[in-house]
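One structure is given here, and the rest of the page talks about it.
Please treat every number below as a calculation from the coordinates, not as lab data. Just so you know, these numbers come straight off a predicted model, no measurement behind them. With ideal geometry, Cβ positions are generated from the backbone for all residues, glycine too; neighbour counts draw on all protein chains shown.
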Amino acid sequence: MSNSRLSADSIRGIAHEVGFDLVRFGPADPGEHAEHFTKWLDADRHGEMNYLATNKDRIVDPQLWREGVRSSISVAVDYSGPPGELPGGGRIARYAVGRDYHRWLGKRITKLRNELEHAGLPQGSMKGGTDAVPVLERALAVRAGIGFLAKSSMVISPTHGPYLQLAELLVGEELPFDAVSPGTCGTCTACIDSCPTKAIVAPFQVDSRRCLSYTTIEQRGFVDRDLREAQGEWLFGCDICVEVCPFTSKSKRRDLFGLDRPKDLAPHRIVETWTLVDVLEMDEARYDAEFVGTAMRRAKRSGMRRNAATVLGNRREESALPALSIAMRDNDPVVRGHAAWAIGRIDPKHSALRSAMTIEDDPRVRDEIQFAMHGE
Ligand code: B12
Ligand code: SF4
Ligand code: SF4
């Protein structure tokens, strides 16, 4: 290793100490993955995530993000654990059940950066983060040997499985790159076959516009009607392509080994105590007070209430009809429209639909009410 007083083993030791389960070194650029990414953008598979297209140049060329970076210290935390389920129904993807990982994982990356500076790496040459960074984190992780790229497009570690949150610190040092990870999907297609919306359109390729992780989190406004039933129980995100993966049960996951879950991953009180009706009914003040510090804030209040209505409809939850009827008079047309859809699934002849039709003036909501009552 050039330009550094630190050995590769010391860097690894510091990163493990800071709290990363996997630490590998690889190139600081995405290599051939850059082309896959630009093709994906060209096919509009990013939907409304315009920040990906806007940052395209920096994403494919990390030198534009921080000049002089040569290596990536790619790290991962195993976030496996029990499914996130609200009492009475509604599922939250595992990555979002605890504190917002952008915060706690971001803090670990900052700590790693500070510790490495303290140990001798020049601070100015480092740039890092997690998720909300203009880098292809999966590409860097694969190139560093954290895991292999699977058909679901998840990076899977043969030892720790797919429940990995990725982060990275790009540095100006020439670190000794690790070997690429062993492991392959072989002939398995379980994730492709099980995806409820057929979002994995080809091996390694996800069309966000169909992925529940996009429609329930990133997408604003109305969700296409033909994707709502497939949303099933999912209130926020989706874990199906990971749950069905054979590497999930084969791996040394934290939960299978009875290891302590870090407190950051402990389920938030919303996940432990709220019902779907609570989510549907929450006002702005309650949303602000309770959702602060959770990754679920990404969906915004409107998105969470929309999702709650959809799941209540999928559950055909008759006891939710009074709350859904009140939601038909909400200020938010997205909530009104999805509440109408949900009522239609439970009781298409319900009086709330007829009375809402007499006063509704938003054409999209009128269309939803019409569909709820008559299926057309
Ligand atoms: C946008 C985004 C999404 C989008 C699009 C995902 C996608 N697969 O395209 C949506 C909202 C759908 C999403 C969903 C999820 N995401 Co996401 N997401 C991101 C984000 C912000 C950018 C990724 C991106 O640019 N996607 C565009 C595609 C083209 O790139 P990619 O996802 O890296 O996929 C690679 C391969 O697909 C390959 N490829 C593409 N086409 C082809 C074709 C061929 C032939 C080949 C060989 C390869 C290939 O090239 C890509 C680059 O390496 C990253 C964070 C980051 N900064 O990287 C997190 C990230 C990828 N997401 C993550 C997670 C955890 C999830 C979810 C599990 C969350 C959930 N439970 O709800 C789901 C999983 C869905 C899935 N099967 O991918 C983790 C991945 C962890 C891991 N072990 O892989 C990341 C790294 C965040 C993090 N810091 O932990 N996500
Ligand atoms: S997260 Fe769910 S919807 Fe998205 S690709 Fe995986 S199984 Fe399909
Ligand atoms: S379910 Fe099968 S095809 Fe999909 S990622 Fe896992 S091993 Fe690969």
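Counting only alpha carbon atoms, the long axis of helix 363-374 and the longest principal axis of the chain meet at about 70°. For the chain, the Kirkwood radius over C-alpha pairs fed into Stokes-Einstein at 20 °C and 1.002 mPa s yields D = 97 µm² per second.
Using a/c under 1.5 as the rounded threshold, could you call the stretch 324-376 rounded, prolate or oblate? The axes a ≥ b ≥ c are square roots of the C-alpha gyration tensor eigenvalues, and prolate needs a/b larger than b/c, oblate otherwise. Judged from the Cα gyration tensor, the stretch 324-376 comes out rounded (a/c under 1.5). Between 0 and 90 degrees, the angle of helix 333-346 with respect to the longest Cα principal axis of the chain falls at about 70 degrees. Taking a straight Cα-Cα cut-off under 27 Å and skipping sequence neighbours fewer than 8 places away in the same chain, the lysines within cross-link reach of residue 111 are 127, 252, 263. Against the main long axis of the alpha-carbon atoms of the chain, helix 33-42 sits at an angle near 30°.
For residue 63 and residue 85, the difference between the fully extended length at 0.36 nm per residue and the C-alpha to C-alpha distance is 3.7 nm. Does anything in the stretch 154-197 have its amide N under 19 Å from the 7 Å Cα→Cβ label point of residue 9, and if so which residues? 175-179, by backbone N distance to the label point. In deg cm²/dmol, rounded to 500, what helix-only [θ] at 222 nm does the chain give when every DSSP H run of at least 4 residues adds -39500 (n - 2.57) and the total is split over its residues? Computed mean residue ellipticity for the chain: -11500 deg cm²/dmol.
When each of the peptides 198-209, 219-230 is scored by the mean number of other C-beta atoms lying within 10 Å of its residues, the order from highest to lowest reads 198-209, 219-230. Find out how many positive minus negative residues lie around residue 126, taking Lys and Arg as positive, Asp and Glu as negative, among other residues whose Cβ is under 10 Å from that of residue 126. Net charge in that neighbourhood comes out at +1.
In a fully extended conformation the segment linking residue 50 and residue 366 would gain 110.8 nm over its present Cα-Cα distance, using 0.36 nm per residue.
The residue list 65, 248, 314 was ranked by how far each Cα lies along the charge dipole of the chain toward its positive end, using unit charges on Cβ atoms, and 248 comes out on top.
Taking amide H positions as modeled 1.01 Å from N, with prolines and chain starts lacking one, the residues under 5 Å from residue 100 and 5 or more places away or on another chain are 294, 295.
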